[in-house]
Amino acid sequence: MTALAALIRRDIRIALRVGGGALIGVLFFLTVVVLMPFAVGPDLALLTRLGPAILWLGALLASLLTLDRLFMADHEDGSLDLIVMSRTPLELTCAAKALAHWLAAGLPLIVATPVLGLLLNLDATATSAVALTLLAGTPALTFTGMIGAALAVTLHRGGLLLAVLVLPLSIPVLIFGVSASQAAITGPLSFGTPFSILCALSLVSLVIGPFAAAASLRHGLD
Amino acid sequence: MTLIDLANPTKFLTLTARVLPWLAALTAVLLLVGLYQSAMAPDDYQQGSTVKIMFVHVPNAWLSMFVWGVMSLAALGTLVWRHPLADVAAKAAAPIGAAFTFLALVTGSLWGRPMWGTYWEWDARLTSVLILFLMYLGLIALWRAVEDPSRAARAAAILTLVGALNLPIIKFSVDWWNTLHQPASVMRMGGTALDRAFLIPLLVMAVAFSLLFVTLHLAAMRNEILRRRVRSLQMMQASQRSA
């Protein structure tokens, strides 16, 4: 347990310091949201309607951008080999690393959502709905993305491949995240149904992600 | 002849060399019979003659999922039993499955235009099959990204098993979400909803397409084994020359 806690603390510290790149994700998120009014026009009513979708897309792309940091840096300096060889089960280690990555790179996105919601003319209910769905959905993005990151790190040149492999798996999360936030803002549908499916997706990925990532690390690194 | 005996690539090659011509001939005959029966099938009272697209569309759609199932079994063979032909089977199946999925999407949208008035609709079944197609392409890209075939096999096997989660979503998408695509009518609780005049040609076409897959798959596996032999011969030659 102490080994996992130490690993989480180390990963968060590396991610938040200079060159760690976790907060670049927030900056990228901001840039995507700022670009949207230029693309669709500064019509505030339209932006309100598109708001949840824009925020979700921005968060999805930002979390994809930071994903290759998950194993790449450790692979480059050799600590990934030590982690694989250590006595802690690799599945648990993978889960701990993903948790640290989500705390350092995913949580800031959710904290930034209310501010970005202001730019898109979302009211308080809409912003809190989007933030809540992001809170429930981004763990799924991190934990399924971890599978792609583990595959990519064992392939040496898997950077672009990571996006191709991970994006199809994240489509269900996007669908239910956006439909839950839309339901909270406008829809006649209830917020609960898509939101609970979103939570279920997160829980399933919490189970499958560490096992698949650990398997691909174990098979991929010689 | 058991599954273990087939693990020897040479035995596999001699066996398939004997079986393949018969299999190909049987496939051709069944395809001809199925196409003839499909052409002779009566027009639907609602859909007119466009219903005949079904005889091509439905087998393609079934095969697109079936091939991923075969690849998932092969992935288990790679990861659990270390069967030496399992990764050859998985690699050979991916492009064939992608082709079936692509054909299912194309014939579906050609059928959708006269029936629904649109080539494409973002409905649950269509979208999940499109995701399946994207996953096939990602898997093929993964196979090509790694030079060493056995390492590529293990990476691809893990991705195949993760992607298999999409199969039940596709199968039940028409029951869970009430959208444009019609619900299941052949394989469903309480028997088929299809008339015999349509059911028999459809089943013949389904068997013919499955045999087509088996034939193409075995041929592609032979090619892959031979390609690997050429590769190892080249590497042996290179190492002898450098020594």
**Request:** Please give the helix A:192-220 orientation as an angle from the longest Cα principal axis of chain A, in degrees from 0 to 90, rounded to the nearest 10.
**Result:** 20
**Complete:** Working note, segment A:53-203: Cα radius of gyration (Å, one decimal) and Dmax (Å, whole number) are 16.6, 53
**Message:** If I take every Cα pair under 8 Å that is 6 or more residues apart in chain B, average their sequence separation and divide by the length, what percent do I get for the relative contact order?
**Reply:** 31
**Overall dimensions of segment B:49-114 as given by Cα atoms, namely Rg and Dmax in Å** = 15.1, 49
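Rounded to whole Å and sorted largest first, what semi-axes of the equivalent ellipsoid does the C-alpha gyration tensor of the protein assembly as shown yield via the square root of 5 times each eigenvalue? Show your work: numbers first, answer last.
Numbers: eigenvalues 334, 236, 57 Å².
After diagonalising the Cα gyration tensor, the semi-axes are 41, 34, 17 Å.
Just the number, please: Stokes-Einstein D of segment A:6-92 in µm²/s, Kirkwood Rh from C-alpha pairs, 20 °C, 1.002 mPa s. Don't skip to the end; give the middle numbers.
Numbers: Rh = 15.4 Å.
Here the translational diffusion coefficient equals 139 µm²/s.
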**Asked** For B:GLU121 and A:ALA39, what does the FRET efficiency come to when R0 = 30 Å and r is the distance between their Cβ atoms, rounded to the nearest 0.05?
**Response** 0.75
**Message:** I'd like the interface area for chains A and B: accessible area of each alone minus the complex, both sides summed, 1.4 Å probe, protein heavy atoms only. What is it in Å² to the nearest 100?
**Reply:** 1800
**Message:** On C-alpha positions alone, give me the angle between the axis of helix A:124-153 and the longest principal axis of chain A, in degrees, nearest 10.
**Reply:** 30
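Using just the helices of chain A, give the 222 nm mean residue ellipticity in deg cm²/dmol: DSSP H runs with n ≥ 4 each add -39,500 (n - 2.57), and the total is spread over all residues, rounded to 500.
Numbers: 10 runs with 182 residues, N = 222.
Taking each H run of at least 4 residues, the total per residue is -28000 deg cm²/dmol.
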**Request:** Round to the nearest 10 and give me the degree value, 0 to 90, for the angle of helix B:9-40's Cα axis relative to the longest principal axis of chain B.
**Result:** 10
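Please average, across the residues of B:154-166, the number of beta carbons from any other chain that are within 10 Å of each residue's own beta carbon, and give a whole number.
Values: counts 7, 11, 2, 3, 13, 7, 0, 4, 14, 3, 0, 5, 4.
Per residue, the number of nearby Cβ atoms from other chains is 6 on average.
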**Prompt:** Can you pull out the chymotrypsin sites (Phe, Trp or Tyr not before Pro) in segment B:1-108 that DSSP calls coil and that have at most 10 other Cβ atoms within 10 Å?
**Reply:** B:TYR45
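First measure r as the distance between the Cβ atoms of B:ALA25 and B:ASN223, then evaluate 1/(1 + (r/R0)^6) with R0 = 25 Å and state the FRET efficiency to the nearest 0.05.
Approximately 0.80, to the nearest 0.05.
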**Prompt:** What ranking do B:89-97, B:232-240, A:111-119 get when scored by the average of other Cβ atoms within 10 Å per residue, highest first?
**Reply:** B:89-97, A:111-119, B:232-240
**Prompt:** Which Rg and Dmax, in Å, describe the Cα atoms of chain B?
**Reply:** 20.4, 76
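The values are calculated or read from the model by the stated rules, or taken from the named source; none is laboratory data. Treat the numbers as computed from the prediction; the structure is a model and nothing was measured. Don't worry about glycine lacking a Cβ; one is built from the backbone with ideal geometry, like all the others, and counts go over all protein chains shown. The protein model used for the area step is the full one, side chains on, heavy atoms only, and it has no ligands, DNA or RNA in it. Shrake-Rupley method; radii C 1.70, N 1.55, O 1.52, S 1.80 Å.
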